[in-house]
Amino acid sequence: MDDLQHTPLFALHEELGAKMVPFAGYAMPVQYPLGVMKEHLHCRASAGLFDVSHMGQVVIWPNSGDFADAAQAFEKLVPVDVMGLKPNRQRYAMFTNEAGGIMDDLMIANLGDHLFVVPNAGCKAEDIAHMQAHLSETCRVEVITDRALLALQGPKAEDALARLAPEVCEMKFMDIRELNLNGADCVVARAGYTGEDGFEISVQEDAAVELTRLLLAMEEVEPIGLGARDSLRLEGGLCLYGNDIDQGTTPVEAGLNWAIQKVRRKDGAREGGFIGADRVLEQLEHGTNRKRVGLLPEGRAPMRGGVELFAAAEGGEAVGTVTSGAFGPTIEGPMAMGYVPSELSAEGTLLYGEVRGKRMPVKVAKMPFTPANFKR
Amino acid sequence: MKYTEEHEWIREEDGVYVVGITEHASEQLGDVVFVELPEEGTEVTKDEDICVIESVKAASDILAPLDGEIVEVNQAIVDDPGKVNEDPLGDAWFFKMKVSDLSPMDDYMDEAAYKKFIG
């Protein structure tokens, strides 16, 4: 654990009794004394606070000072509509490679005169190099290293945060604003990775501990570790980069078509024009051989990532693989997602997952497994 | 009561041996969400994987600590796996067995030795 990086909240995690584990080069809390199950349920019922400071924070400054120039340049890297992103709004995006595979998934925001980008911890070094290589002609890529990132998630997140800034009540899902919280300049987005309403807060590192303590002192709020973060996102049907999506999966195979706006598709005003567009647009037109689907095992045994999927109870080759699987505390049963041939991807299709040498029935199911609870 | 290095406990009760996992093991596993037990009447040999236990974190095997026959299993922990975290030394026993060779019991730890073992 000695060679791991620490977030600004490291000492506070230890003080709170967290169990620390290595994750993407950082020492991160996997759980607090409450435990994964109760942390998960608390977040769904009230509010949970996550340290996600390991994630990247990058600002793209257009040399011209005009946001449209940064947006136009960025559209070369992502299949999403960046130019149409309104001020103080953010959206989900992914960097694609030449084969249309996903280099990383990320959030991008229009903050008026610049683009704010939040990539995954495990990919941020490659992402930054990628952005510098492709954007430097028209933009300056500034890597932010002196800010923490907190996520406050759950149905009572708004009540809690509104005590520090009543304006947050006016924000809707995917709104983002620069706000003062407890004397610190913050960037607050109404979004998250749990399927719940909530906020992500970028805060100067020297103000992060005090802000975190203030939020944790509120009755609604408990600290939540990476363990529950994983089961929450899986119930929410959200992809984990490196498990459910990677360089070898395209956005269309991953069922992320919703993130590719019409304007970037065939016959759109800004059709294609991103790395790997040929393959992605072709797949949008004609479909894919395989698809990411939700899976609900019929029994109680969890089917974890790596479990092979079969079309029959006996014989035959594997037809697909589970990419994430866990026990869902809210749905009180096992859940998973994985890739299956498109002809076996219809909801209700019966498949078999091989667990400890036995084929166990599992059905293709709709995601999210728990209803999304966003403030639209 | 005796303890194994696999963090199982063994207790004699009216001529049969009751087996479960230790408090330390249940804490390390985290919230238990799934338990699979052998069928009653199964003949087992020492160190054979005979139960599966899955927590929110991972799957682990429970080994037969002795040679013998499974005479009773605890269906209550299959129906409510969370019991394993609540009362691992009591209500959440795993199985009872008739033992054919008791000699390995001499090598298993007593409570003091087990406490030292887990540090």
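The values are calculated or read from the model by the stated rules, or taken from the named source; none is laboratory data. On a predicted model such as this, the values are computed, not experimentally measured, just so you know. All Cβ positions, even for glycine, are placed from backbone atoms using ideal geometry, and neighbour counts span all protein chains on display. Calculation scope for accessible area: heavy atoms of the full protein, side chains included, ligands and nucleic acids excluded. Shrake-Rupley method; radii C 1.70, N 1.55, O 1.52, S 1.80 Å.
In table form, for the structure just shown:
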item	result
The range B:55-81 residues that are free of Cβ contacts under 8 Å to residues at least 24 places away in the same chain, paired with ones that are in a helix (DSSP H, G or I) and open to solvent by 40 Å² or more (accessible area, probe 1.4 Å) (beta carbon under 7 Å, 6 or more apart)	B:76/B:83
Qualifying position, being outside the structural domain of residue A:100 (by TED's automatic domain parsing) and open to solvent by 60 Å² or more (accessible area, probe 1.4 Å), among A:316, A:306, A:294, A:325	A:316
Subset of the range B:26-49 [surrounded by 17 or more Cβ atoms within 10 Å (Cβ to Cβ) and either closer than 18 Å to residue A:38 by Cβ or within 14 Å of chain A (Cβ to nearest Cβ) (or both)]	B:26, B:29, B:30, B:31, B:32, B:33, B:34, B:35, B:36, B:37, B:38
Residue match in the range A:178-191 (condition: modelled with pLDDT of 95 or more and either in contact with a His (Cβ under 6 Å, 6 or more places away or on another chain) or within 21 Å of residue A:36 (Cβ to Cβ) (or both))	no
Hits in the range B:50-84 (condition: among the acidic types (Asp, Glu), open to solvent by 50 Å² or more (accessible area, probe 1.4 Å) and within 13 Å of chain A (Cβ to nearest Cβ))	B:61, B:79, B:80
Criterion: assigned by TED's automatic domain parsing to the domain that holds residue A:277, at positive phi and either surrounded by fewer than 19 Cβ atoms within 10 Å (Cβ to Cβ) or under 16 Å from the mean Cα position of the chain (by Cα) (or both) - qualifying residue of A:97, A:88, A:120	A:88
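Residue-by-condition table, conditions (1) within 14 Å of chain B (Cβ to nearest Cβ); (2) in contact with a Lys or Arg (Cβ under 9 Å, 6 or more places away or on another chain); (3) part of a strand (DSSP E or B):
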residue	(1), (2), (3)
A:283	no, no, no
A:292	no, no, yes
A:299	yes, no, no
A:304	yes, no, no
A:313	no, yes, no
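Condition check ((1) in contact with a His (Cβ under 6 Å, 6 or more places away or on another chain); (2) assigned to a loop (DSSP other than H, G, I, E, B); (3) aliphatic (A, V, I, L, M); (4) within 14 Å of chain B (Cβ to nearest Cβ)) across all residues:
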site: A:55; (1), (2), (3), (4): no, yes, yes, no
site: A:70; (1), (2), (3), (4): no, no, yes, no
site: A:84; (1), (2), (3), (4): no, yes, no, no
site: A:118; (1), (2), (3), (4): no, no, yes, no
